[in-house]
Amino acid sequence: MHMRVGVIGGGQLARMLVPAAIELGVEIEVLGEAPGAAAAIAVTSIGAADDAQAVLAFARDKDVVTFDHEHVPQAALQQLVASGVAVRPGPQALAVAQDKLLLRERMAALRLPQPVWARVDSADDLTAFIAAVGGRAVVKTPRGGYDGHGVRVVTAAADVADWLGAAPLLAEELVPFRRELAQQVARRPSGGTALNPLVETVQRDGVCAEVIAPAPRSAGRVADAAADIAVTIAAALEVTGMLAVELFETDDERLLINELAMRPHNSGHWSMDGAVTGQFEQHLRAVLDLPLGSTAPRDDWSVMVNLLGGPADGDLDARVPGMLAQHPTVKLHRYGKQPRPGRKIGHVTASATELDEAVFQARAAAAFFSDPPVQS
Ligand code: ADP
């Protein structure tokens, strides 16, 4: 079984696929946007993900091509398929993760639960929608958004005057959610699936800050509903690889679909250390159509905290020994990125029998990398 996997995009997700590929004995090569990418260790070609020629040249000698992000244009994806490359997930599936309007249409067709939404083509459309949902709405650019860029809470069409020229836009009710959850599932091209435990995700300023696995108080009905939603989407869209379904949980315990990611996802980083099979290994197994691994947690609770921004002096290295000394049970993952305000430069995961202990360990360890440095 000699296999060569190509990953398009050289960010931290591509980087974290590398150790999993080494363990499985799979060759991995990455198309990075620029030298010095997070996945530099495996970058064999430099080129933009929207440069069809670069993508095609990179893919030529790969058995399977997969992705660090969803931003490869459909035209390039179609060309890859036409040239005989196994593209996983495939273009039809990826299209739904690339375009939030298409996502809403497909979820509606599948009769899956989601926020009240509308496609708006003009200021008048948006004004009418805002009135219909009680005076406040969330407006999203259908394409290219990430980490809260391209998402605005509005009370008037004028709040997105700068976006209306690029309409259509997606408008949604402002969901009064109790918390956000994420359900991951892996799916093989031959159809087998493996569900991860449902997790709780905590966002700050539109960016994932923490993940708790499994989601507290979610056994039974909520977990079953989330699992059903994820498996339904994976099968209906024929997703291959990891799928993450981001969900809102309302006060009356309804689950509403926020968005999808068809790749390893921040909500699954905990599984690298906290589950029998981490999401990066599982993604490789799935895209290579290998038997999927057990997703059973190794401990009662795992908590992942993102390292956001990093120390103001930019000297991440200097903070490492202190953290490792104080928190020998915590697992540190760095992404090889320069600290910059708000940037995801790494994460830590702590696992424990008690949730409080895992939360404390992970937060205290992460605090070593913020300012002022916290010494425990
Ligand atoms: P991105 O693609 O940038 O991750 P999301 O669509 O996931 O954007 O939105 C980012 C965050 O904004 C969500 O995690 C959630 O906290 C908030 N959000 C998005 N849509 C809604 C909504 N309809 N109602 C309430 N909050 C929302």
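The values are calculated or read from the model by the stated rules, or taken from the named source; none is laboratory data. Note that this is a predicted model, so its numbers are computed, not measured. Neighbour counts run over all protein chains shown; Cβ positions are idealised from the backbone, glycine included. Ligands, DNA and RNA are stripped out before the accessible areas are found, and what is left, the full protein with its side chains, is counted by its heavy atoms. Shrake-Rupley method; radii C 1.70, N 1.55, O 1.52, S 1.80 Å.
For the pair Ala34 and Ser83, the difference between a 0.36 nm per residue extended length and the Cα-Cα distance amounts to 15.1 nm. Estimated from helical segments only, the mean residue ellipticity of the chain at 222 nm is -9000 deg cm²/dmol, where each DSSP H run of four or more residues counts as -39500 (n - 2.57). Membrane-span-like helices of the chain, defined as complete DSSP H segments with a Cα extent of 27 Å or more along the helix axis and a mean Kyte hydropathy of at least 1.0, are absent. Rounded to the nearest 20 debye, the dipole size of the range 75-177 about its Cα centre is 400 debye, using +1 on the Cβ of Lys and Arg and -1 on the Cβ of Asp and Glu. Positive contributions from Lys and Arg (+1) and negative ones from Asp and Glu (-1), summed over other residues with Cβ under 15 Å from the Cβ of Ser122, come out at -4. Partners of Lys331 within straight-line reach, counting lysines whose Cα lies under 25 Å from its Cα and excluding those fewer than 8 residues away in the same chain: Lys344. Quick check: net charge around Ala352, other residues with Cβ under 15 Å of its Cβ, Lys/Arg +1 and Asp/Glu -1? It works out to a net charge of -4.
Along the axis of the charge dipole computed for the range 195-299 (Cβ charges of +1 for Lys and Arg, -1 for Asp and Glu, origin at the Cα centre), the listed residues Phe280, Ala235, Asn258 are led at the positive end by Phe280. The dipole here belongs to the chain: it is taken about the Cα centre, uses +1 on the Cβ of Lys and Arg and -1 on the Cβ of Asp and Glu, and is about 380 debye.
For the range 122-207, the per residue solvent-accessible surface stands at 46 Å², with DNA, RNA and ligands left out and a 1.4 Å probe.
Build a GNM of the chain with springs between Cα atoms under 10 Å: which of Pro89, Pro189, Pro197 gets the top mean-square fluctuation? In the Gaussian network model the winner is Pro189. If only the Cβ of Lys and Arg carry +1 and only the Cβ of Asp and Glu carry -1, the dipole of the range 189-281 around its Cα centre is close to 160 debye. Our Cα-only numbers for the chain put the radius of gyration and Dmax at 20.5, 59 Å.
Loop-located GluC sites (Glu not before Pro) in the range 1-74 (DSSP state not H, G, I, E or B) with no more than 16 neighbouring Cβ atoms inside 10 Å do not occur. The lysines whose alpha-carbon is closer than 21 Å to the alpha-carbon of Lys100, local same-chain residues fewer than 8 away aside, are Lys140.
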